[in-house]
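Structure record follows, encoded as structure tokens.
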Amino acid sequence: MARTRLALVGCGGMARSHRSRFDRLQDRLQLVAAVDPVEERAAAVQEVFPGIRTAARYEAVLDEVDAVLLALPHHLHHPVALACLEAGKHVLLEKPMANSESECLELIQARQRSGVVLMIAYCMRFHPLVVRMRELLQEQRYGDVFQVSIWTEQLTQYPADHWASNAAQLGGGQLFSHGCHYIDILLWYLGAPLQGTHLGTNTGTPWMEREGTSNVSLQFEGGRLGYHFGTWGARGSRLRYSFHAHCTEGMLEADITGGCLYLHTGKTRETAGEGLRGRWGEGELLMEAERGKHTENEMAHFLDCIDTGRQPLTDGPGSLQGLRVIWRLYEAEQQGRVADLSGLGLEAAVLH
């Protein structure tokens, strides 16, 4: 089978942090071009992958590739992805899909006309610990899930003139830019939301025009609850990146940073000095995974969709639903009310 020829469009920080997606799929994928208007950034990718060509504009390489990976500032997602889709190229587009609903719909319609693959790069959907946790919840291995909480704590600081500091170019704040991963996961785990709230602040992250710290609470069908706390202002952390799923017969903990999935089932032992209070156990280790983003799994799925014509797990319609939740949360926050999240079309979305 011929390898898929791919161009990386946008080279800021992608060469090394996502190297595994190219190294581990060499039998199926050929990186042929690195595109960036800053020559030094494209050249840095070329140093890691000798033999590829560099270009300042994506138009210069479209005739030489089958697919593109777009890792661009958010406000450029729509125009560049649209041009690539209209040129008949398969598109793996970094999240979020676009900065407005109308732009997202244009991309979905362009994909339908062209018949190529449009996949949004929600890499956490392909992380082994995240996938296994969902399987256990779906199987009701430890009873019914009633609360899923997700923490993402990091320090991400941008210069004042950086595009990500600008709310219009970013599309919002921390919730829209990074929290969209975890809204997507909560929908994937728990189904259709009914209502929710968002509270955000840029206290602690003054470089952000909009929120650098975000708190989301969602209510789902069946009385299930979901929560996400994300900050780009963490000067220290214990939880780092972790998921907790409380079920009626135990709690699942995915330590994303540490690469471990645990089961906690309550007070498992007592220790001296604690008396009847007991102590929460360390948990039963259910699974270990290599640390990292596992973008190779995401890329393998993209290639599978190209080869078979199947719909991506993170396709345009499904990804739009998560963004619709965020936009409604933002609107309700500004108006000081709880957001009505019903009627978003989630039942018809492809949330496999």
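The values are calculated or read from the model by the stated rules, or taken from the named source; none is laboratory data. Only a predicted model underlies this, so the values are computations on that prediction, with no experimental measurement involved. In this analysis, Cβ positions are derived from the backbone assuming ideal geometry, glycine residues included, and neighbour counts consider all displayed protein chains.
Would you be able to say whether some residue in the stretch 11-20 is surrounded by fewer than 19 Cβ atoms within 10 Å (Cβ to Cβ), under 22 Å from the mean Cα position of the chain (by Cα) and not in a helix (DSSP H, G or I)? Yes - at least one qualifying residue is present in the stretch 11-20. For the stretch 212-270, filtering for residues that are over 18 Å from the mean Cα position of the chain (by Cα), within 21 Å of Q138 (Cβ to Cβ) and β-branched (V, I, T) leaves 2. Could you list, in sequence order, all residues of the stretch 27-48 that are part of a strand (DSSP E or B) and under 25 Å from the mean Cα position of the chain (by Cα)? L29, Q30, L31, A33, A34, V35, listed by residue number. Would you check if there is a residue in the stretch 63-74 being surrounded by fewer than 19 Cβ atoms within 10 Å (Cβ to Cβ) and of a type in the set (A, V, I, L, M, F, W, C)? Taking every residue of the stretch 63-74 in turn, none turns out to be surrounded by fewer than 19 Cβ atoms within 10 Å (Cβ to Cβ) and of a type in the set (A, V, I, L, M, F, W, C). Could you tell me whether the stretch 164-184 includes any residue that is assigned by TED's automatic domain parsing to the domain that holds E331, out of contact with any helix residue (DSSP H, G or I) (no Cβ under 7 Å at 6 or more places or on another chain), hydroxyl-bearing (S, T, Y) and part of a strand (DSSP E or B)? No, the conditions are met nowhere in the stretch 164-184. Selection of the stretch 197-248 for residues being small (G, A, S), in contact (Cβ under 8 Å) with a residue 24 or more places away in the chain, on the phi < 0 side of the Ramachandran plot and not in a loop (DSSP other than H, G, I, E, B) yields G200, S214, G226, G230, G233, S242, A245.
Considering the stretch 253-274, the residues that are among the charged types (D, E, K, R) and outside any strand (DSSP E or B) include one that is modelled with the lowest pLDDT, namely E270. Counting residues in the stretch 138-147 that are part of a helix (DSSP H, G or I) and without any contact (Cβ under 8 Å) to a residue 12 or more places away in the chain gives one or more. For the stretch 285-314, the set of residues classified as touching a Leu at 6+ places or on another chain (Cβ under 7 Å) and outside any strand (DSSP E or B) consists of A289, E296, M299, A300, H301, F302, L303, listed by residue number.
Residues of the stretch 108-137 that are assigned to a strand (DSSP E or B) and within 24 Å of G196 (Cβ to Cβ): I120 alone. Only residues that are within 27 Å of H244 (Cβ to Cβ) and among the polar types (S, T, N, Q) were counted across the stretch 147-189, and they come to 7. Within the option set A56, A60, A71, A67, being touching a Pro at 6+ places or on another chain (Cβ under 9 Å) and of a type in the set (A, V, I, L, M, F, W, C) holds for one residue only, A56.
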